[in-house]
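Participant: Input: one structure, supplied below.
The values are calculated or read from the model by the stated rules, or taken from the named source; none is laboratory data. Fair warning: this is a prediction, and the values are worked out from it, not measured in the lab. Please note: Cβ atoms are built from the backbone with ideal geometry, for glycine as well, and neighbour counts cover all protein chains shown.
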Amino acid sequence: MKSLFKKTVILVLAIEAKLVLKKYKPKIVAVTGTVGKTSTKDAVYTALSKTLSVRKTKKSQNSEFGLPLTILGAENPVETFSMLAWLKVIAHGLDLILMPHHYPEWLVLEIGADHPGDIRSAMEWVTPDVSIVTKLSKVPVHVEFFSSVEQVTREKSYLVRALRPTGTAILNADDEDVREFKNLTEAKTIFFGLSDDADISAENYEVVYDDRGMPTGIQFDVISRAYHERSTVLLKGTLGHHLVYPILAALATAEAVGESAAVAAKAFRTHEPTPGRMRLVEGKSGSVIIDDTYNSSPVAVEEALRTLGDMHNHRRIAVLGDMLELGKYSIDAHKRAGELAAQYADMLVVIGPRMEYAAQAANEQGLQNVHAFSHSEEAGEYLAGILEKGDVVLVKGSQGVRAERVVRALMADPGEAEKLLVRQDKEWRTRDNKQKKK
């Protein structure tokens with residue numbers, strides 16, 4: 001019964017979303033990739049929302065429910081299959097269709113691909129004006145649901161294939177597979193990245209420290225070929241070389257809609273870091289936490305560990321939870337994570353059975369300060385008792401690991417958890433309570 005109800009709701013919401021798009025005709029920015037989708041979506045929103053009427057996908061709702069819900073401007077009901085709650089959402093959609101309403105000029109949509117056909121089917125009724133592809137990987141997230149890495153790449157390509165001919169493809173110049181997507185469309189292409197031939201590029205990246213010697217953010221220069229401009233972007237409360245890419249993609253989007261990158265760059269002075277994505281959180285005992293707990297993948301783990309390696313603080317502590325849904329790539333990917341941790345961290349704390357391969361690999365590479373736990377709560381309790389002034393702690397894991405519980409245990413002010421961390425809303429609390437009762 002629940003399965004039938006879910007299919008019915010998805011069908012009705014999709015029909016309503018199609019009718020809303022037909023009625024209001026908003027411009028659409030669609031974002032996909034293996035990593036960086038949500039950070040890019042949020043950055044695009046920051047770049048455009050100062051001068052345009054914009055709505056973005058909330059959180060990471062890029063599923064079969066999330067796409068129509070964003071278009072309808074409706075909240076995802078806490079009780080996922082409560083008939084009354086979903087009927088209210090459907091009624092809201094009908095009201096949008098039948099009555100006059102103010103509707104955003106632009107939609108920024110995050111489009112994910114958990115299974116074959118996800119993006120292709122979405123692009124049958126969504127026509128992007130701007131298609132952004134962030135970064136792909138030889139070991140993509142959710143690869144266990146696809147027959148090959150090539151199939152994942154092809155699925156992502158449908159975002160560019162569906163692009164409006166008068167639109168713009170915004171592609172990562174530093175990813176060979178993404179660069180090839182240029183050949184899939186006759187639309188204009190803007191390349192972003194660190195390559196010499198990128199249309200929007202960056203240089204002079206540096207970590208910004210406070211007077212205590214603790215990291216507070218990053219700063220870098222952006223160069224626009226089209227406008228022959230150079231501007232400086234300061235991002236507070238976050239770290240990572242890879243976070244340059246979402247900003248470059250956002251500034252390329254601004255240029256695609258007629259704004260200069262230099263003007264749009266000013267908007268990032270007040271940009272709010274995305275929860276759970278390399279966000280800096282003040283920790284106990286004068287430590288600082290790099291909270292990267294939204295999700296995990298091999299590429300993202302490597303980037304996060306390299307960022308930790310850039311730190312010159314008292315101790316660099318890596319807390320890594322299992323990477324899920326990697327299928328046949330799982331063991332090798334976890335071993336590689338351990339090898340990287342040995343290279344960039346002074347201490348490694350692992351969570352989950354898969355990460356035991358990382359612990360073993362780190363030991364073999366000479367890192368002796370390694371600790372293994374079955375659950376995030378155990379890891380958090382252990383670390384809370386050993387943190388020292390000046391420690392920098394990177395925390396990362398797939399959603400199922402719930403590594404944000406480690407961050408909560410280490411926060412200087414746990415009362416800020418609901419504001420700063422991922423998975424703190426009513427929906428997740430409801431899930432947790434149900435789990436405890438089992």
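Participant: It is to be established whether one or more residues within segment 193-201 are touching a residue at least 60 places away in the same chain (Cβ under 8 Å), out of contact with any helix residue (DSSP H, G or I) (no Cβ under 6 Å at 6 or more places or on another chain) and surrounded by 18 or more Cβ atoms within 10 Å (Cβ to Cβ). Explain how you work it out, then say what you get.
Facilitator: In the first step, residues of segment 193-201 are kept if they are touching a residue at least 60 places away in the same chain (Cβ under 8 Å); the result is 200.
Now restrict to residues that are out of contact with any helix residue (DSSP H, G or I) (no Cβ under 6 Å at 6 or more places or on another chain): none.
No, the conditions are met nowhere in segment 193-201.
Participant: While we're here: Evaluate the following for residue 152: is it in a helix (DSSP H, G or I), at pLDDT 95 or above and either crowded, with 20+ Cβ neighbours inside 10 Å or touching a helix residue (DSSP H, G or I) at 6+ places or on another chain (Cβ under 6 Å) (or both)?
Facilitator: Considered against the rule, which asks whether it is in a helix (DSSP H, G or I), at pLDDT 95 or above and either crowded, with 20+ Cβ neighbours inside 10 Å or touching a helix residue (DSSP H, G or I) at 6+ places or on another chain (Cβ under 6 Å) (or both), residue 152 comes out as no.
Participant: How do the helices (runs of 4 or more DSSP H) wholly within segment 25-123 filter down when requiring 3 or more residues that are of a type in the set (A, V, I, L, M, F, W, C), touching a residue at least 60 places away in the same chain (Cβ under 8 Å) and surrounded by fewer than 22 Cβ atoms within 10 Å (Cβ to Cβ): which remain?
Facilitator: Numbers: elements: 37-49, 66-72, 83-98, 118-122.
Hits in segment 25-123: 83-98.
Participant: Taking the criterion of being more than 22 Å from the chain's Cα centre (by Cα), surrounded by fewer than 16 Cβ atoms within 10 Å (Cβ to Cβ) and at positive phi, would at least one residue in segment 258-268 satisfy it?
Facilitator: yes
Participant: Same structure again: Sort out which residues of segment 316-340 are outside any helix (DSSP H, G or I) and out of contact with any strand residue (DSSP E or B) (no Cβ under 6 Å at 6 or more places or on another chain), and write them in order of number.
Facilitator: From segment 316-340, those outside any helix (DSSP H, G or I) are 316-326; that's our starting set.
Matches in segment 316-340: 322, 323, 324, 325, 326.
Participant: A further question follows. Quick check: is even one residue across segment 341-362 under 22 Å from residue 392 (Cβ atoms), touching a strand residue (DSSP E or B) at 6+ places or on another chain (Cβ under 7 Å), among the aliphatic types (A, V, I, L, M) and free of Cβ contacts under 8 Å to residues at least 24 places away in the same chain?
Facilitator: yes
Participant: Checking residue 285 against (1) at pLDDT 95 or above; (2) at negative phi, only one condition comes out false. Which one?
Facilitator: Failing condition for residue 285: (2).
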